[in-house]
Amino acid sequence: MMIDRRTLLGAGMTAAVAAIIGGRAFSAPKETFAYTLSDAEWRKKLSPLAYQVLRQEATERAFTSPLNKEHRTGTFTCGGCALPLFSSKTKFDSGTGWPSFYQPLPRAVGTSTDRTLGMSRTEVHCSRCGGHLGHVFDDGPPPTGLRYCMNGAALAFVAKA
């Protein structure tokens, strides 16, 4: 059977699109987490947007989270399981439209490689429930040089009493 260039290119493009859309299809199996719920329980517990972000790895629109304007002293927690994730002392305005932090609390988050959108990024998830929080980049301020760019829909805020 002879394969012409058009057929070969078409197959290559189809594979590339499938890899981009399916991003994680070839990644390692998902971790197990201490806090788990069924999909139906997550849907009942979370708002539609929080469910899409935390459980389906969506991204909220930039500049839409009320947490961008949160400047009180307190703790940002996981919107899925309430695990404390970030101190307000590490929050900064990155200008990106999402709540940004330069350092998480100890053992609060985990990371994995995200190959969606045809690039490699470092995804950040809650270490207790595995909820998708956002991504971490190396363009943040001192002292860490990191920017934890988090979806506000994945977080809750607890003000210090």
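When you check Leu85 against the structure, is it hydrophobic (A, V, I, L, M, F, W, C), touching a Cys at 6+ places or on another chain (Cβ under 9 Å) and farther than 23 Å from Ala159 by Cα, yes or no? So Leu85 fails the test. In segment 83-96, how many residues are part of a loop (DSSP other than H, G, I, E, B) and touching a Lys or Arg at 6+ places or on another chain (Cβ under 9 Å)? Matching residues across segment 83-96 total 3. Selection of first residues in segment 150-161 that are modelled with pLDDT under 95 and of second residues that are surrounded by fewer than 24 Cβ atoms within 10 Å (Cβ to Cβ), restricted to Cβ pairs under 7 Å at least 6 apart or on distinct chains, gives the following pairs, ordered by first then second residue: Lys160/Thr73; Lys160/Gly74. Note on segment 77-124: among residues that are in contact (Cβ under 8 Å) with a residue 40 or more places away in the chain and on the phi > 0 side of the Ramachandran plot, the one that is nearest to the chain's Cα centre (by Cα) is Leu117. Determine the pairs where a residue that is in a helix (DSSP H, G or I), located within segment 46-67, has a partner that is surrounded by fewer than 18 Cβ atoms within 10 Å (Cβ to Cβ) and of a type in the set (Lys, Arg) with Cβ atoms under 6 Å apart, the partner being 6 or more residues away or on another chain. As it stands, the answer is Tyr51/Arg43, since those pairs meet every condition given. With respect to Leu46, is the statement that it is modelled with pLDDT of 95 or more, surrounded by 14 or more Cβ atoms within 10 Å (Cβ to Cβ), of a type in the set (A, V, I, L, M) and touching a strand residue (DSSP E or B) at 6+ places or on another chain (Cβ under 8 Å) true? No. Looking across segment 97-140, the residues that are open to solvent by less than 40 Å² (accessible area, probe 1.4 Å) and part of a loop (DSSP other than H, G, I, E, B) come down to Gly97, Pro99, Pro104, Ala108, Cys129, Gly130, Gly131, Gly140.
The values are calculated or read from the model by the stated rules, or taken from the named source; none is laboratory data. Quick caveat: nothing in here was measured; it's all calculated off a predicted structure. Methodologically, a virtual Cβ is constructed for each residue, glycine included, from the backbone with ideal geometry; neighbour enumeration extends over all protein chains shown. Please note that ligands, DNA and RNA were not included when accessible areas were found on the heavy atoms of the full protein model with its side chains. Shrake-Rupley method; radii C 1.70, N 1.55, O 1.52, S 1.80 Å.
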